[in-house]
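The values are calculated or read from the model by the stated rules, or taken from the named source; none is laboratory data. Note that this is a predicted model, so its numbers are computed, not measured. A quick note on method: Cβ atoms are made from the backbone with ideal geometry, for glycine too, and the neighbour counts reach across all protein chains shown. The protein model used for the area step is the full one, side chains on, heavy atoms only, and it has no ligands, DNA or RNA in it. Shrake-Rupley method; radii C 1.70, N 1.55, O 1.52, S 1.80 Å.
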Amino acid sequence: MWHSSEGEFTAEGKQCSRPGCCSWDASVIEAILLVGGQGTRLRPLTATTPKPMLPVAGQPITVHQIRRARAAGVGRVVLGTSYRADVFTRALGDGADLGIDVAYAHETTPLGTGGAIRNAAEELNCGPNDPVVVFNGDIINGLDIAALVDGHVSSGSAVTLHLTTVEDPRRYGLVPTDETGRVLTFLEKPETEAEIVTNQINAGCYVFRRSVIDRIALGRPVSVERETFPGLLRDGDLVRGVVDDSYWLDLGTPWDYVQGSVDLVTGRAPGAQIPSGAQIRGGQSLVLDGANVSPEATLSGGTTIDRGCVVAADAIVDGCVVMTNVHIGQGARLFRSAVGAGAKIEAGAVITEAVVGDGARIGRDAVIGAGARIGVGAVVPDGITVTANRG
Ligand code: GTP
């Protein structure tokens, strides 16, 4: 429970408990969702669809995140858009279908994470002392968002960061804390063993005091990790890190993106909402309404087959994301791969840990493997083998 400029609230967003205290609708905890990045590591899937709108378990990542935020008491979300903003507005509108108020703050040129948060704050309604939850738009996790907000408010922090621990922190910036959770410093990706002073990393979800966001420069690129957070430490503000080691995955690469979808379908990642009309097959795979899967095909390993797909007899699809209107021919075999909308996989083709762009055609008995990426609309002739290094 906390008392802000507008009244007294719980992290679940319950109404003010003080009779006559305020008229503010306390169910409206506000959030900012950062969805404006180019998603370069996920090309060619992001050539047409921005990363946060790519489907996991049959729903865009953004929809999944908004549902979880709403369940934690968030009533209003501002989407910080830049790249392909039209895709978000067309799909989500004012949020009525999701039972939440969705607003948009567009950046004509991308402003980076900090600049995007500041730009989105122009659309917030809350007061200066209120908590604002900020999410990177490419994360799925099992974080207790309401508890993070509660701890933020009761500690009086300027910012509270969700931290997670990883076995190999070399790919990430490190966030060491003291025993009370106070962040000591923000370190760039470590290059030597000696620089690995902690395995705690920034997990891409924050709670800001609104007035702290207003201190970020407006209208120029700012990195929240490199500029805003270190600046707060220099100014002596309390920045707290909360280690929450529940499920966490950054869907930034094709392999992690596919893994995230698989984890939602198999239940390893919490909170999947199965789209209406979809079926879970064998507890292992998700088939959306309107897909036509032969009874002689084998789906396994958390595969999703989206609307309008056809999967012919003897095909095997294991641990894959297959987007709308894909045709998979007889005896084709697909493993741990992502296949973009409208692609055609001819009979006997084999695809392993690869990415196939929208509308591509993979020829009969072709072999695609070793991290290959097939471009949007590309044609791989019959019988050809394509390999590449993972990007
Ligand atoms: P890569 O190009 O593959 O690194 O992906 P990305 O562009 O999504 O960058 P990154 O993974 O670092 O971004 C983390 C989150 O912040 C994602 O949800 C992005 O959509 C978002 N993001 C990154 N840069 C910007 C920006 O300049 N503006 C906005 N609004 N969001 C951004």
For segment 229-248, name all the residues that are within 16 Å of the ligand (Cβ to nearest atom) and in a strand (DSSP E or B).
Trp248
Any idea how many residues of segment 249-263 are of a type in the set (Val, Ile, Thr), within 13 Å of the ligand (Cβ to nearest atom) and assigned to a helix (DSSP H, G or I)?
0
Any residue that is part of a loop (DSSP other than H, G, I, E, B), open to solvent by less than 50 Å² (accessible area, probe 1.4 Å) and over 30 Å from Gln284 (Cβ atoms) - is there at least one of those in segment 47-69?
no
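Residues checked against (1) free of Cβ contacts under 8 Å to residues at least 60 places away in the same chain; (2) surrounded by 15 or more Cβ atoms within 10 Å (Cβ to Cβ):
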site: Gly204; (1), (2): no, yes
site: Val207; (1), (2): no, yes
site: Arg210; (1), (2): no, yes
site: Ile213; (1), (2): no, yes
site: Val222; (1), (2): no, yes
site: Glu227; (1), (2): no, yes
site: Pro230; (1), (2): yes, yes
site: Asp235; (1), (2): yes, no
site: Val239; (1), (2): no, yes
Would you please list the contacts, defined by Cβ atoms under 7 Å and residues six or more apart or on different chains, that run from a residue in segment 88-113 that is closer than 18 Å to Glu30 by Cα and of a type in the set (Gly, Ala, Ser) to a residue that is part of a strand (DSSP E or B) and within 11 Å of the ligand (Cβ to nearest atom)?
Ala103/Val78; Ala105/Val78; Ala105/Gly80
Would you pick out the residues in segment 76-87 that are closer than 18 Å to Ile29 by Cβ and either at pLDDT below 95 or within 14 Å of the ligand (Cβ to nearest atom) (or both)?
Val77, Val78, Leu79, Gly80
Quick check, is Ile274 more than 16 Å from the ligand (Cβ to nearest atom), in a strand (DSSP E or B) and either touching a strand residue (DSSP E or B) at 6+ places or on another chain (Cβ under 7 Å) or at pLDDT below 95 (or both)?
no
Can you find a residue in segment 231-252 that is farther than 25 Å from Thr49 by Cα, under 18 Å from the mean Cα position of the chain (by Cα) and modelled with pLDDT of 95 or more?
yes
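Yes/no matrix, rows are residues, columns are (1) of a type outside the set (S, T, N, Q); (2) at pLDDT 95 or above; (3) open to solvent by 10 Å² or more (accessible area, probe 1.4 Å):
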| position | (1), (2), (3) |
| --- | --- |
| Gly301 | yes, yes, yes |
| Val321 | yes, yes, no |
| Ile328 | yes, yes, no |
| Ala349 | yes, yes, no |
| Gly371 | yes, no, no |
| Ala378 | yes, yes, yes |
In segment 122-158, residues that are away from the ligand (no atom under 16 Å from the Cβ) and either in a strand (DSSP E or B) or over 19 Å from the mean Cα position of the chain (by Cα) (or both) total 18
